[in-house]
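Note sheet for the following structure.
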Amino acid sequence: MDKVKKSPFEKEYEIAWDKYSKADLKKVFDLSDRYMDFMSRCKTERECVEEFRARAKKVGYENLQDLIKQKKSLKPGDKVYAEIMGKTIAFFVIGKKPLESGMSILGAHIDSPRLDLKQNPLYEDADLAMFETHYYGGIKKYQWVTLPLALHGVIVKKDGSRINIVIGEDENDPVLGVSDLLIHLAQDQMKKTLAEGVEGENLNILVGSIPLKDKETKNRVKHNMLNILNEKYGIVEEDFVSAELEIVPAGKARHYGIDKSMIMAYGQDDRVCAYTSFEAIMEIENPEKTSVTLLVDKEEIGSVGATGMHSRFFENTVAEITNLQGDYSELKVRRALTNSKMISSDVSAAFDPNYPEVMDKKNCASFGKGIVFNKYTGSRGKNGSNDANPEFIAELRSIMEKYRVIWQTAELGKVDQGGGGTIAYILANYGMEVIDAGIALHNMHAPWEISSKADLYEAKKAYHAFLNEA
Ligand code: MN
Ligand code: MN
């Protein structure tokens, strides 16, 4: 008998695992297997866009640019995608209602913190060949030393040809890395703060140590490395100038925990929300309102540039889609945007028993309690936050109940402890209803981030419910 009496009016946040039947568990683990496979292969924005585009095309999505060229029109039920510079992509399923009545939009980002190669990366020091890097996004620099790293990216040659590079993922590939000082010589380093112990300028990658045999040459190790790169990829040193090369943790996503209830992977911020939002829209057929999944680049450095959320890309795409439905007007585009509703999905911080002091236990996310809704984000007095409206949140509560989605609410840490931004406020500029939501992580922005398989499953269910009902 239950001895703990409880008010019938008290809200109890459920643990998803308690609710799962055997059939549910199979679905949870099938989804997490698909997600882990994706995470093991796609570690850059470009790799994500290529994967999502290929999968969408297989199920009948057409390229918006092709439709424009062919002067085709769009009708309800049609599936279309648009992308920009191979780094941001949007998927649309055209609804029965006119676009100006608004869209149901899922948004997430596909860029993640990492080390980018500098413009002139390759140098030789003390008979070692090294790459200079400049970190991308917010990282704790000491976390990026002494672990296996891989190089992913593209080099574009003067003639426009593009070379895709992945080094460090195949088990026969070499891996790269950043060194750290041995403990025996670290007396001075150990007295520094965590922020200063490893400096950004010192995040240099060791890439080679064999010198060219010809002793008359200077920089023999660098010379040898250039020969190897030329032989393997046909590139010369100057080609690094027109390259986008990212250093990321090497290796596959892994089951985490003895019960395999969690996932360890690089770049779960925010590909865990991107992947589930992508799968959710792939299951949408003939919606009432137009469904959208928008997967953007550059969130980690302020959503800037042509491929970031601040760009006109999405607005222009909505204009093109309005045009392909006939009878274009700017007013219709504006109405389509204003009347839309959006779940801006980004990761939350899950309560961590090792660091309880940074959380308000009543208002933080936990593993296994489902998708996390964040009414607001921001920092120091909600600064920079999109503060979602109670009317919209009430509607979402009712949708989540109807679809039996397990959910929780949270804010990122204690008041004045920290905080963060997302893309939510940028879309809210159009006057649409937007809320932040997503999946809670341990180790956010670390090389290996942790998520709960139950939360992954509940998030996908929530996104699907939202596209169906909002
Ligand atoms: Mn994020
Ligand atoms: Mn982030």
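Throughout, read-outs are computed from the coordinates displayed, never taken from laboratory work. Since the structure is predicted, the reported quantities are computational estimates derived from the model, not experimental observations. Note that we place each Cβ from the backbone using ideal geometry, even for glycine, and neighbour counts take in every protein chain shown.
Modelled label positions at ASP159 and HIS255, each set 7 Å beyond Cα in the direction of Cβ, lie 4.9 nm from each other. Computed from the Cβ-Cβ distance with R0 of 25 Å, the FRET efficiency linking LEU147 to TYR355 stands at 0.75. The GluC sites (Glu not before Pro) of the stretch 176-267 that meet both conditions, a loop assignment by DSSP and at most 12 other Cβ atoms within 10 Å of the site Cβ, are GLU199, GLU216. Think of it as helices only: each DSSP H run of n ≥ 4 in the chain is worth -39500 (n - 2.57), and spread over all residues that comes to -9000 deg cm²/dmol at 222 nm.
Once the Cβ-Cβ distance of GLU391 and ASP127 is raised to the sixth power relative to R0 = 51 Å, the FRET efficiency obtained is 0.15.
The modelled label-to-label distance between ASN230 and LYS191, using points 7 Å beyond Cα along the C-beta direction, is 4.8 nm. Listed values for the stretch 255-262 are Karplus-derived 3J(HN,Hα) couplings in whole Hz (6.51 cos²θ - 1.76 cosθ + 1.60, θ = phi - 60°), namely 4, 10, x, 5, 8, 6, 7, 10, and x replaces Gly and Pro. Take the Cα of GLU10, step 7 Å toward its Cβ, do the same at PHE29, and the gap between the two points is 3.4 nm. As a calculated quantity, the FRET efficiency between GLU201 and ASP170 at R0 = 41 Å, using C-beta atoms, amounts to about 0.85. What share of the DSSP beta bridges in the chain is antiparallel, in percent to the nearest 5? Around 70 percent antiparallel, to the nearest 5.
Seen against the Cα atoms of the chain and their longest principal axis, helix 390-402 is set at about 90 degrees.
In a DSSP loop and with at most 16 other Cβ atoms within 10 Å, the trypsin sites (Lys or Arg not before Pro) in the stretch 227-282 are LYS252, LYS260. Here the peptides 150-157, 396-403, 384-391 are ranked by packing, the mean other Cβ count within 10 Å, and the order with the highest first is 150-157, 384-391, 396-403.
At q = 0.14, 0.19, 0.20 Å⁻¹, what log₁₀ I(q)/I(0) does a Debye calculation on the Cα points of the stretch 47-163 give, no solvent, two decimals? Summing over Cα pairs of the stretch 47-163 leads to -0.83, -1.15, -1.23. Shown here: the stretch 114-249, whose C-alpha atoms stretch 49, 37, 29 Å along the first, second and third principal axes, sorted largest to smallest. Summarising the amide proton neighbourhood of SER345: residues at separation of 5 or more, or on other chains, whose placed amide H is nearer than 5 Å comprise GLY107, ALA108, ALA437.
Coupling constants for the stretch 218-225 follow from the phi torsions by the Karplus curve (6.51 cos²θ - 1.76 cosθ + 1.60, θ = phi - 60°), and in residue order they are 8, 6, 5, 6, 4, 4, 4, 5 Hz; glycine and proline get x.
Relative to the longest principal axis of the Cα atoms of the chain, the long axis of helix 22-41 lies at roughly 40 degrees. Report the relative contact order of the chain, percent, no decimals, based on alpha-carbon pairs under 8 angstrom and at least 6 residues apart. For the chain, the relative contact order is 23 percent. Taking amide H positions as modeled 1.01 Å from N, with prolines and chain starts lacking one, the residues under 5 Å from ALA350 and 5 or more places away or on another chain are LEU441, HIS442. Along the stretch 428-441 the Karplus relation, 6.51 cos²θ - 1.76 cosθ + 1.60 evaluated at θ = phi - 60°, assigns HN-Hα couplings of 5, 4, 7, x, 8, 6, 9, 9, 7, 8, x, 10, 7, 10 Hz to successive residues, with x for each Gly and Pro.
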